[in-house]
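Some notes on the structure that comes next.
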Amino acid sequence: MKKLVFLWLWLVVGGAANAKSDMEKASRALLERVVKAGADRFVVEEIPATSAGKDVFEIESRGRKIVLRGNSPVAVASGLNWYLKYFCRRQVSWNHFDVDLPDPLPAVTEKVRRETAYDDRSYMNYCTFSYTAAFWDWDRWQKEIDWMALHGITMPLAVTGQEAVWYNTLLRFGMTDGEIRQFLCGPAFFAWQWMTNIESWGGPLPRSWIDRSVELGRKIVERERELGMRPVLQGFTGYVPLKLKEKFPEADIAVKPFWLRYFPPGTAQLDPLDPLFAEIGRAFLEEQEKLFGTDHLYAADPFHEGNPPKTYDGYLKEVGEALFATAQAVDPDAVIVM
């Protein structure tokens, strides 16, 4: 019995130490990316969340070093940003990532403690991925993710690599490599494809790009999770390739008009009451989880900048119920984010 108790204590204490080590490791890695050689002038310590379960950070001096405390790497990063702004008069912005620390570091004469009132802090929308980030590489994405952490973001939209999810899903429904890549837009137009407005524009998409985006997308969500964020992945809304109308002539697939009356060839919407809706939705979410895991958050806006193909009373309710049921069939903890 004594051996069993000792083993239990060893597992509990060891597990807690490892968890703390992971939190501090992620925080220190961020420090080294943001303030580089100045990272050793900071001490990182873990503290519990508030009694309400909210994120919190503290800042104080210890000799010539600055102590940053938080309940997560994002909280620690938020404390670092506060110290840089209000004590060092330094700013990490989209246009300036390099921080030149003063020497010596300004002292914190009275401990700072800041608690957030919010459970989640969301960031980015689809347009950002095309207006700004279409051709970012991993180096640029690392800077952006660190910027998110410094500004307290915990729930970023993460759709880099969606083209690979669609590619793998549509192979399961009889579409060929050429048909799928013709359906997929060019990289600068993905925002409007994921918002269900267009298909094919700027395509066909090279297979090399799909492979590139999978690797990049994985790095993005892994880093975001390392820092304590919960990435929002894509949900299925019934948007499908026009080609599926040929593949499944019995399915209730409506052809929608050109977006803004300008972007041919239009788009297709699969009716939520058609059995194919749940079938494709399940496959889509399964393929996405294989590639990127999940934090149970799914972005789903089925009629962005467009009209539903059907207008009878209750249609929108049916769409919402179907996309939620489809998500929960794959992930019982699914939450739809709009």
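Quick notes on this structure:
- The C-beta contact set for the stretch 102-127 (first residue more than 30 Å from Gln193 (Cα to Cα) and free of Cβ contacts under 8 Å to residues at least 24 places away in the same chain, second residue surrounded by fewer than 14 Cβ atoms within 10 Å (Cβ to Cβ) and of a type in the set (D, E, K, R), distance under 9 angstrom, 6+ apart or interchain) comprises Pro102/Arg89; Pro106/Arg89.
- Any hit, the stretch 148-157, residues being within 22 Å of Leu285 (Cβ to Cβ) and without any contact (Cβ under 8 Å) to a residue 12 or more places away in the chain: no
- Residue check, Lys290 surrounded by fewer than 18 Cβ atoms within 10 Å (Cβ to Cβ) and either modelled with pLDDT of 95 or more or not small (Gly, Ala, Ser) (or both): yes
- The residue that is nearest to Gly186 (Cα to Cα), among those in the stretch 242-262 that are at pLDDT below 90 and crowded, with 18+ Cβ neighbours inside 10 Å, is Trp259.
- Applying the condition of being among the hydroxyl-bearing types (Ser, Thr, Tyr) and under 30 Å from the mean Cα position of the chain (by Cα) to the stretch 61-114 and asking which residue is farthest from Met229 (Cα to Cα) yields Tyr86.
- Options Ala164, Ala188; residue that is over 30 Å from Glu46 (Cβ atoms), open to solvent by less than 60 Å² (accessible area, probe 1.4 Å) and free of Cβ contacts under 8 Å to residues at least 60 places away in the same chain: Ala188
- Matching residues in the stretch 85-110 - criterion: being surrounded by 10 or more Cβ atoms within 10 Å (Cβ to Cβ) and of a type in the set (Lys, Arg): Lys85, Arg90
- Gly266 meets all of the listed conditions (1) farther than 23 Å from Ala164 by Cβ; (2) open to solvent by 10 Å² or more (accessible area, probe 1.4 Å) but one, namely (2).
- Within the stretch 231-241, the residues that satisfy the criterion of being β-branched (Val, Ile, Thr) and modelled with pLDDT of 95 or more are Val232, Val240.
- Candidate set: the stretch 59-73, residues that are open to solvent by less than 20 Å² (accessible area, probe 1.4 Å) and part of a strand (DSSP E or B); chosen: the one nearest to Ala149 (Cα to Cα): Gly70
- Taking the listed residues Trp141, Trp82, the one that is part of a helix (DSSP H, G or I), within 21 Å of Arg33 (Cβ to Cβ) and open to solvent by less than 30 Å² (accessible area, probe 1.4 Å) is Trp141, with no other qualifying.
- For the stretch 305-315, a residue qualifies if it is loosely packed, with under 15 Cβ neighbours inside 10 Å and under 26 Å from the mean Cα position of the chain (by Cα), and exactly one does: Glu305.
The values are calculated or read from the model by the stated rules, or taken from the named source; none is laboratory data. Computed from a predicted structure; not experimentally measured. All Cβ positions, glycine included, derive from the backbone under ideal geometry; neighbour counts span all protein chains shown. Surface accessibility is based on the protein's heavy atoms, side chains included, excluding ligands, DNA and RNA. Shrake-Rupley method; radii C 1.70, N 1.55, O 1.52, S 1.80 Å.
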